[in-house]
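Only one structure is covered here, and it is reproduced in the block below.
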Amino acid sequence: MLSIGIVGLPNVGKSTLFNALTKKSVLAANYPFATIDPSVGVVAVPDERLSKLAEFSGSKKILPAAIEFVDIAGLVEGANKGEGLGNQFLSHIREVDAILEMVRIFPIVGGGESITHVYGSVDPLRDIKVINMELILADLASVEKRIERLSRDAKRGDKQAVEETEVLQKFLIVLQEEKMANTVELSKEEEEYAKHFNLLTRKKFIYGLNRRSGVSNMDESHPEDFKKVLEHIESMGAGYIVIDAKTEEDLKDLEKAEKEEIKKDFGVDHTDDGIDKLIQEAYKVLGLMTYFTTGPEETRGWTVPVGSSAPRAGRAIHTDFEQRFIRAQVIAWNTLLELGSFAKARETGQLRIEGKEYIVKDGDVIEFMV
C-alpha cells in the first residue's frame, strides 16, 4: 500500500488535514506537540471509474485503491538533537513512500481567531528550510552510524560492506553540505543499496500550502513572495498543492453535493476537492497509476508504477500473478462501458490478449491468466 508521512512545524495544519483525510479524530489543538503519538489512517483513493465499472458488472463490493497517511508530532528547529517531540517520531516515516510537508500561508490573526506560530510570524520559505534541515540532519546522523557499523567489515574487504560504504559516502558529502539526499545521482546498482537506507530526504516530496477561507492568505496578499515559494519548491523537483485543510476537515462528513454547495458559499471553487487534488498529486509525484479488475463479486482498483509490464502489474494482486503469468485479457475501462458487455468487446476485437511485454495503461481493465 502507498504510504505518505505528514511533517511540518507545530500549528501548520498537519493534524487538521489528517482529520479531513481519514475522517477520524486526532487531537489538533492550538498549541505545539498536540499529536503525541503517531497517528496512522488508511484513505480510499477517490476514483469515479470504480462505481461505473461496479454498476456495469453488478459487483457486490467496491474496493478502491488505498493510501496510508502517517501524522507525526510537529518538528521544531533542533529536533534532531532532541528539541520538541518530533524527533522521537521521525523513525515512523522512514518506511513511507513520500513525505507531505505542510506549510502555512494563512496569517496568525484573521477571521476572528488567532492561531499561534512557533516563530511568531508566517514565512513559508523559512519554515521549509527549517523542516528540511531537520530531516537532513536526521539523515546525516543515520548515515554516519551506518558507516561506523560497516567499518570493520569494509576494512577486511567484505565486498558488500565496501560497496555499501561507497554509496553512503556519497550521501555523507551532500548531507554535510546541508543538501537533500535526493540530489545525489546513483547508478542502478547503487540505487539498490540506497533503498535499504530509508533516508528521509531521498524520498519524494509534496508540499501542502495550507490557506484559510476568509482571511488574508499569502497567495493573495503577497503574490510575489508566494511566487518565490512556488519557484523554490519547483527547483527541488517536488510537487505541491494549495489546500484549505480547515474547510476540508469541517466538511469531511458531508456528501459531495453538500460539500460543493457549502464551498460555493465560502467562496471556494466548489469543483476543487482539496483531498482529491492531494491524492492526484501524490500519484503524479510518485509516478503511479490505477488499473482495475471487475466482476460480479467485486470491482477493485490496483495501484502500480507507470510503465509496469503486465506481470509486474499482477504483482499488486499476488506474487503468483507475476511469477506464473501466462497472458492477460485487457480493455480500456471506458471502451468496455461504451460497448456494454465483455461479449461485445470480444466480438469487436477490443478485448485483447496481451503477453508479458504489454505495458499496462492507466484505466485498463485486466483479467490475468496464470
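Where does the Debye-calculated log10 I(q)/I(0) of the stretch 111-255 sit at q = 0.11 Å⁻¹, using only Cα point scatterers of equal weight, no solvent? Treating every Cα as an identical point scatterer, log10 I(q)/I(0) equals -0.58. Rolling a 1.4 Å probe across all protein chains gives MET102 an accessible area of roughly 10 Å².
Between amide H atoms placed 1.01 Å from N, distances below 5 Å from LYS204 occur with ILE99, all of them 5 or more places distant or on a separate chain. Pairwise alpha-carbon distances in the chain exceed 27 Å for 55% of all pairs.
Overall, the chain carries a charge dipole of about 920 debye about its Cα centre when +1 sits on the Cβ of Lys and Arg and -1 on the Cβ of Asp and Glu, all other atoms neutral.
State the Cα centre-to-centre distance between the stretch 181-210 and the stretch 296-370 in whole Å. Value for the Cα centre distance between the two parts: 31 Å.
What the Cβ-Cβ distance of ARG327 and LYS61 gives, at R0 = 22 Å and to the nearest 0.05, is a FRET efficiency of 0.25. Each of ASP276 and VAL162 was given a label point 7 Å from its Cα along the Cα-to-Cβ line. The distance between the two points is 5.6 nm. Rounded to the nearest 10 square angstrom, ARG49 shows an accessible area of 40 square angstrom against a 1.4 Å probe. Ordering VAL360, VAL40, VAL12 by the projection of their Cα atoms onto the charge dipole of the chain, which places +1 on the Cβ of Lys and Arg and -1 on the Cβ of Asp and Glu, puts VAL360 at the extreme positive end. For the pair LYS145 and GLU338, a Förster radius of 51 Å applied to the C-beta separation gives a FRET efficiency near 0.35, rounded to the nearest 0.05.
Where only DSSP H runs of four or more residues are counted, the chain gives -12000 deg cm²/dmol as its mean residue ellipticity at 222 nm, each run worth -39500 (n - 2.57).
Exceeding 26 Å between C-alpha atoms, which entries from my cross-link table qualify? They are LYS61/LYS252; LYS188/LYS284; LYS145/LYS228; LYS52/LYS356; LYS246/LYS277; LYS203/LYS356. With Cα atoms farther than 26 Å apart: LYS145/LYS228; LYS52/LYS356; LYS203/LYS356.
Subtracting the Cα-Cα distance of GLN176 and GLU113 from 0.36 nm times their residue separation leaves 18.5 nm of extension gain. For the pair ASP320 and GLU258, a Förster radius of 41 Å applied to the C-beta separation gives a FRET efficiency near 0.40, rounded to the nearest 0.05. If the chain linking GLU297 and SER216 were pulled fully straight, counting 0.36 nm for each residue of separation and taking away their Cα-Cα distance, it would gain 24.1 nm. In this label model, GLU354 and GLU224 are separated by 5.1 nm, measuring between points 7 Å along each Cα→Cβ vector. Given a 1.4 Å probe and the protein chains as shown, LEU63 ends up with an accessible area of around 50 Å².
The shape of the stretch 310-368 comes out prolate: with a ≥ b ≥ c from the C-alpha gyration tensor, a/c is at least 1.5 and a/b beats b/c.
The values are calculated or read from the model by the stated rules, or taken from the named source; none is laboratory data. The structure displayed is predicted, hence computed values, not measured ones. Note: ideal-geometry Cβ built from the backbone for every residue, glycine included; neighbour counts use all protein chains shown. To get the accessible areas, we keep the full protein, side chains included, count just its heavy atoms, and leave off ligands, DNA and RNA. Shrake-Rupley method; radii C 1.70, N 1.55, O 1.52, S 1.80 Å.
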